[in-house]
Amino acid sequence: MNTIYFTTVPSPIGDLTLTATSIGICGLYFEDHKYWPASRPSWRRDDGKHFDAARSWLESYFAGENSKNLPEVDVVNGTEFQQRIWKVLRGIPPGQTRTYASIAQSAGSPKAVRAVGAAIGRNPISIIVPCHRVIGSDGALTGFAGGVERKRWLLAHEGSLL
């Protein structure tokens, strides 16, 4: 198994814990994230090079700049279905939202809306893999592992909420 490195980055919505392998970012978690990984004791602190690209992207993102230079991502966990859903999420542009049903359709599983919701909830790389951009079919801000208030903040920050 690859070594998992971690660092903490301050943000307007609380401290973020980033995790990475030598390949790329594998996690972005909020202080009270609903699904923290179970294997944290094996993580190694590293405030250096593994996080330079992610730190730079997050600074641009929170400054309101539309940086297209996303950091490299290394999805180290998740089922094939979850990884397929997370890949679809990466295609949602800033300032736009999608519904769970449209994500299911895009992933080739139009009847799997509940499973799509569960996969989105388990997204380990919040913000960078923008699960916050998925809303209910009625426009409701449904669950978010970082909390609905953070979801609201992120969507307002991106201009998705009026």
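Since every read-out is calculated from the coordinates, none of them should be taken as a lab result. Only a predicted model underlies this, so the values are computations on that prediction, with no experimental measurement involved. So basically every Cβ, Gly included, is an ideal-geometry build from the backbone, and we count neighbours across all protein chains shown.
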Taking the Cα centre of the chain as origin, work out the dipole magnitude from +1 charges on Lys and Arg Cβ and -1 charges on Asp and Glu Cβ, in debye rounded to 20.
-> 520
Once the other residues with Cβ under 15 Å from the Cβ of A101 are scored (Lys, Arg +1; Asp, Glu -1), what is the net sum?
-> +3
The chain: projected area of the alpha-carbon convex hull, averaged over directions, in nm² = 9.0
Charged-residue dipole, Cβ positions (Lys, Arg, Asp, Glu), region 5-62 about Cα centre, Debye nearest 20 | 220
About the Cα centre, charge dipole magnitude for region 80-158 (Lys/Arg +1, Asp/Glu -1 at Cβ), debye = 140
Separation of alpha-carbon centers, region 68-122 and region 132-162, rounded to whole Å = 15
If you count the DSSP beta bridges with both ends in the chain, what percent of them are antiparallel, to the nearest 5?
-> 60
By the gyration tensor of its Cα atoms, with a ≥ b ≥ c the square roots of the eigenvalues, what is the shape of region 19-59: rounded for a/c under 1.5, prolate for a/b over b/c, or oblate?
-> oblate
Answer with one residue from S126, L16, A104: the one whose Cα lies farthest towards the positive end of the charge dipole of the chain, charges on Cβ with Lys, Arg +1 and Asp, Glu -1.
-> A104
Choice from T21, T97, T79 showing the highest fluctuation, given a GNM over the chain with Cα pairs closer than 10 Å | T79
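Just from its helices, what would the mean residue ellipticity at 222 nm be for the chain, if runs of 4 or more DSSP H residues each count -39500 (n - 2.57) and the sum is divided by every residue, rounded to the nearest 500 deg cm²/dmol?
The helix-only estimate for the chain comes to -8500 deg cm²/dmol at 222 nm.
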Would you mind checking the tilt of helix 52-62 against the longest principal axis of the Cα atoms of the chain, expressed as 0 to 90 degrees and rounded to 10?
-> 40
